[in-house]
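Read through the structure below, which is laid out as structure tokens, and then see the notes.
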């Protein structure tokens with residue numbers, strides 16, 4: 001692990017309080033009573049059997065105590081440390097500054113090495129890679145100086161910001177606390193749609209709170225604020241959006257608003273003064289203000305609106321804040337339902353911690369070091385931050401058509417924030433495995449949004465905005481994966497019909513170059529041409545890159561074919577299966593790589609496998625392996641399984657045999673680049689599974705760890721974290737649209753995967769440890785097992801897989817032709 005010391009700013013666990021369910025329609029998931037009984041920090045297991053031996057060490061009973069929200073806040077992980085519930089709407093977290101009101105130093109508002117804060121914002125997105133990414137709405141800042149000038153005019157954050165020291169900062173699941181250099185102790189916790197905060201001001205200085213209503217991370221089109229002195233409330237809204245709006249490749253196309261966040265804040269302490277500001281003008285005594293900042297960074301400085309309230313010197317101020325993406329009334333209802341008057345931070349935080357424990361206990365591990373447990377449960381925590389609630393307690397949510405909508409039928413909640421290109425490769429499978437109920441609601445949510453968007457399924461959905469970011473048709477792969485992994489709770493027939501139409505009926509947006517290359521409007525760019533040529537031509541693509549688009553479409557179409565087969569639609573299944581093989585048309589046998597080609601059939605030259613021509617955010621060397629659904633076909637194109645395995649060796653190692661898995665070499669593996677993250681498991685299908693075992697272990701040990709730099713790069717809404725969770729369990733999804741799991745060597749001696757309503761999966765690894773890298777034998781439900789993969793029936797039906805691990809590779813296990821993962 002990269003940092004052996006446990007972070008000093010992670011305090012010990014607080015007393016647990018199971019609390020009450022916040023939404024009676026969505027009861028918290030309880031532990032399956034037959035599994036275990038938690039006593040203190042130890043989980044007592046059911047009696048051992050021959051197939052399910054008790055682990056050597058106690059199983060984690062309170063996994064929240066192992067979560068360090070600071071992991072990934074440095075080194076480009078772009079996580080945030082603030083207070084948040086599983087899948088929560090509110091995430092109350094600091095907005096740091098490097099001396100510029102438009103630059104927090106990180107994509108999602110918090111950079112560990114930027115130790116100056118300008119507010120605590122109510123919304124965030126985990127691990128998005130654009131800088132800035134999105135959200136960071138309504139930063140609230142405690143200051144101990146007189147408010148005698150417009151805070152927006154303080155564009156360099158010299159007056160109305162404060163330094164802090166990490167020694168005075170702590171974070172646990174659902175709670176964030178810091179004492180700023182200005183002397184204010186800020187303590188925050190949240191429910192799903194609301195937050196409770198406490199600001200303890202020092203004696204002898206002014207005590208003021210700023211509401212920077214217009215200062216979302218990407219700016220805003222408009223904002224408003226209203227202060228009611230008698231009721232001791234502050235309310236307002238911000239009209240914003242612009243996800244990835246400042247990126248160079250297509251960003252201008254997304255500098256637009258698509259959601260309005262409403263908020264209401266109720267205080268337990270009287271105001272001694274009030275005021276507001278608009279741009280550079282301070283409005284002393286005013287109770288209203290309005291105005292946005294725009295979306296162009298240089299033009300934003302010095303602009304915007306907000307308000308402030310003051311208190312007696314030395315006051316300790318409690319506040320309850322509710323939010324809604326629908327209306328001001330919705331924000332009030334959410335607050336009233338989730339944090340009633342009189343409830344304080346300690347109570348909310350205790351309930352938040354227990355809410356996290358309930359979710360995290362879906363995977364209980366036994367054994368392993370403190371660092372391994374911390375890295376594992378923090379990765380699981382980050383994986384379960386999304387999708388995010390967007391519906392209010394009354395079921396209303398903002399539609400993608402801009403109109404208020406309401407959930408219907410059996411749908412429990414509307415969810416959002418779908419980083420499809422990233423998530424469909426690992427996070428979606430983990431969500432399906434651990435949270436099938438949320439996954440079902442999420443699938444229905446994406447269907448709802450598509451119906452409100454003219455039948456178009458956007459590849460990157462933020463709140464209710466189609467942002468078009470990245471490439472491919474990840475919704476097809478996502479919903480087909482849900483279907484394969486037993487997720488229900490959504491209208492599968494309607495969703496399939498809609499995605500089938502998107503894949504077969506050309507749409508006018510597919511001929512647009514707006515937003516290209518990074519945010520092309522067409523979800524199936526120039527589909528008519530693609531169906532004619534069976535590949536996306538580089539010179540007539542209307543996409544980010546023709547070769548990448550072809551590979552993405554092949555995965556999506558293969559997934560639709562798998563889904564069609566499950567639905568009994570044989571003709572569709574055969575047609576999409578054929579289209580799943582279109583990747584062949586961008587594999588150049590002369591170069592042995594995936595390569596862009598023009599509409600006349602010619603290959604785009606000059607060609608360099610280290611180059612990105614024809615690819616999206618990657619090189620040919622990486623994309624050449626992006627055929628997870630047809631590894632046998634790819635191997636045949638490369639000259640056979642042994643030749644392909646030798647090629648794959650060179651993807652992970654330098655010519656002298658040294659590992660090269662940290663990124664930076666365009667010819668080799670990059671742990672932060674999604675098109676290649678499945679590549680370590682390809683060895684299973686190539687008949688050399690021991691290389692999967694050693695490669696996965698090397699990546700997990702060298703690229704992931706504890707401490708702020710514990711992630712290799714952007715978490716991408718839980719994708720990198722989900723990869724680590726699977727790697728630690730010795731499992732990985734074989735391919736999108738499929739339910740099989742590939743095997744490698746588990747890190748922990750014992751793990752039990754037990755989602756509510758599903759039979760558990762138990763993973764036992766005898767001799768597990770840092771030096772026991774290789775699988776010597778496997779038993780499934782007590783019977784010898786010679787395959788390097790588990791069937792879909794095991795994924796959905798449960799069972800026990802027992803490994804015996806060792807320090808030397810077993811080059812005979814799972815290498816026979818009948819033992820290899822099957823391509824369909």
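Name the strands (runs of 3 or more DSSP E) wholly within the range 331-434 that hold at least 3 residues that are closer than 24 Å to residue 757 by Cα? Walk me through it before giving the result.
Working: elements: 363-366, 396-398, 404-406.
Once the strands (runs of 3 or more DSSP E) in the range 331-434 are filtered for at least 3 residues that are closer than 24 Å to residue 757 by Cα, what remains is 363-366.
Does residue 525 fit the bill of being outside any helix (DSSP H, G or I) and crowded, with 24+ Cβ neighbours inside 10 Å? Lay out the reasoning, then the answer.
Values: outside any helix (DSSP H, G or I): yes; crowded, with 24+ Cβ neighbours inside 10 Å: yes.
Considered against the rule, which asks whether it is outside any helix (DSSP H, G or I) and crowded, with 24+ Cβ neighbours inside 10 Å, residue 525 comes out as yes.
Restricting the range 516-542 to residues that are touching a residue at least 60 places away in the same chain (Cβ under 8 Å) and closer than 30 Å to residue 739 by Cα leaves a set whose member that is nearest to the chain's Cα centre (by Cα) is 523.
Can you find a residue that is farther than 20 Å from residue 504 by Cβ, part of a loop (DSSP other than H, G, I, E, B) and over 26 Å from the mean Cα position of the chain (by Cα) anywhere in the range 569-576?
Initially, the range 569-576 is screened for residues farther than 20 Å from residue 504 by Cβ, giving none.
No, the range 569-576 has no match at all.
Taking the range 633-669 as the range and being within 31 Å of the chain's Cα centre (by Cα), surrounded by fewer than 24 Cβ atoms within 10 Å (Cβ to Cβ) and more than 17 Å from residue 694 (Cβ to Cβ) as the test, the residues that pass are 663, 664, 665, 666, 667. Hey, does the range 131-143 have a residue that's within 30 Å of the chain's Cα centre (by Cα), in a loop (DSSP other than H, G, I, E, B), in contact (Cβ under 8 Å) with a residue 24 or more places away in the chain and surrounded by fewer than 23 Cβ atoms within 10 Å (Cβ to Cβ)? Among the residues of the range 131-143, at least one is within 30 Å of the chain's Cα centre (by Cα), in a loop (DSSP other than H, G, I, E, B), in contact (Cβ under 8 Å) with a residue 24 or more places away in the chain and surrounded by fewer than 23 Cβ atoms within 10 Å (Cβ to Cβ), which makes the answer yes. The condition of being surrounded by fewer than 21 Cβ atoms within 10 Å (Cβ to Cβ) and within 30 Å of residue 758 (Cβ to Cβ) holds for only one of 532, 493, that being 493.
For the range 163-182, the criterion of a residue being under 25 Å from residue 221 (Cα atoms) and assigned to a loop (DSSP other than H, G, I, E, B) is satisfied by no position.
So is residue 457 within 19 Å of residue 519 (Cα to Cα), in contact with a helix residue (DSSP H, G or I) (Cβ under 9 Å, 6 or more places away or on another chain) and assigned to a helix (DSSP H, G or I) or not?
no
With respect to residue 155, determine if the residue is surrounded by fewer than 23 Cβ atoms within 10 Å (Cβ to Cβ), outside any strand (DSSP E or B), in contact with a helix residue (DSSP H, G or I) (Cβ under 9 Å, 6 or more places away or on another chain) and in contact (Cβ under 8 Å) with a residue 60 or more places away in the chain. Before you say what the answer is, go through the steps one by one.
On the way: surrounded by fewer than 23 Cβ atoms within 10 Å (Cβ to Cβ): yes; outside any strand (DSSP E or B): yes; in contact with a helix residue (DSSP H, G or I) (Cβ under 9 Å, 6 or more places away or on another chain): yes; in contact (Cβ under 8 Å) with a residue 60 or more places away in the chain: yes.
When the stated conditions are applied, residue 155 passes them.
When restricted to residues that are in contact with a helix residue (DSSP H, G or I) (Cβ under 9 Å, 6 or more places away or on another chain) and assigned to a loop (DSSP other than H, G, I, E, B), the range 528-548 contains 8.
Going by the structure shown, is residue 257 over 23 Å from residue 342 (Cα atoms), without any contact (Cβ under 8 Å) to a residue 40 or more places away in the chain and within 30 Å of the chain's Cα centre (by Cα)? So that I can check it myself, show each step before the final result.
Details: over 23 Å from residue 342 (Cα atoms): yes; without any contact (Cβ under 8 Å) to a residue 40 or more places away in the chain: yes; within 30 Å of the chain's Cα centre (by Cα): yes.
Judged against the criteria, residue 257 is a match.
Taking the range 303-330 as the range and being outside any strand (DSSP E or B) and under 33 Å from the mean Cα position of the chain (by Cα) as the test, the residues that pass are 303, 304, 325, 326, 327, 328, 329, 330. Assessment of the range 435-453 against the conditions (farther than 19 Å from residue 521 by Cα, outside any helix (DSSP H, G or I) and in contact with a helix residue (DSSP H, G or I) (Cβ under 9 Å, 6 or more places away or on another chain)) yields at least one matching residue.
Applying the criterion of being assigned to a loop (DSSP other than H, G, I, E, B) and over 24 Å from the mean Cα position of the chain (by Cα) to the residues of the range 497-515, the residue that is surrounded by the most Cβ atoms within 10 Å (Cβ to Cβ) is 507.
Of everything listed in (1) out of contact with any strand residue (DSSP E or B) (no Cβ under 8 Å at 6 or more places or on another chain); (2) within 16 Å of residue 267 (Cα to Cα), the single unmet condition for residue 351 is (2). For the range 66-80, which positions are surrounded by fewer than 24 Cβ atoms within 10 Å (Cβ to Cβ) and either in contact with a strand residue (DSSP E or B) (Cβ under 8 Å, 6 or more places away or on another chain) or at pLDDT 95 or above (or both)? Within the range 66-80, just 74 meets the criteria. For residue 454, the test of being surrounded by fewer than 24 Cβ atoms within 10 Å (Cβ to Cβ) and either modelled with pLDDT under 95 or on the phi > 0 side of the Ramachandran plot (or both) is passed.
Being modelled with pLDDT of 95 or more, closer than 16 Å to residue 91 by Cβ and out of contact with any helix residue (DSSP H, G or I) (no Cβ under 8 Å at 6 or more places or on another chain) narrows it down to one residue among 345, 321; which is it? Can you show your working first?
Details: 321 fails: out of contact with any helix residue (DSSP H, G or I) (no Cβ under 8 Å at 6 or more places or on another chain).
None of the others qualify; the one that does is 345.
Of all the criteria given as (1) at pLDDT 95 or above; (2) out of contact with any strand residue (DSSP E or B) (no Cβ under 8 Å at 6 or more places or on another chain); (3) more than 21 Å from residue 160 (Cβ to Cβ), the one not satisfied by residue 252 is (1).
Scanning the range 670-679 turns up one or more residues that are within 23 Å of residue 788 (Cα to Cα), surrounded by 21 or more Cβ atoms within 10 Å (Cβ to Cβ) and in contact with a strand residue (DSSP E or B) (Cβ under 8 Å, 6 or more places away or on another chain). Taken residue by residue, the range 208-222 has at least one member that is at pLDDT 95 or above, surrounded by fewer than 24 Cβ atoms within 10 Å (Cβ to Cβ), outside any strand (DSSP E or B) and on the phi < 0 side of the Ramachandran plot.
In the range 113-130, what residues are surrounded by fewer than 24 Cβ atoms within 10 Å (Cβ to Cβ) and either in contact with a strand residue (DSSP E or B) (Cβ under 8 Å, 6 or more places away or on another chain) or modelled with pLDDT under 95 (or both)? Working first, answer last.
Here is the first cut: in the range 113-130, the residues surrounded by fewer than 24 Cβ atoms within 10 Å (Cβ to Cβ) are 113-116, 129.
Selection gives 114, 115, 116, 129.
Filtering the range 281-301 for residues that are more than 26 Å from residue 89 (Cβ to Cβ) and crowded, with 23+ Cβ neighbours inside 10 Å leaves an empty set.
The values are calculated or read from the model by the stated rules, or taken from the named source; none is laboratory data. The structure presented is a predicted model; accordingly, all values stated were derived computationally and were not measured. Methodologically, a virtual Cβ is constructed for each residue, glycine included, from the backbone with ideal geometry; neighbour enumeration extends over all protein chains shown.
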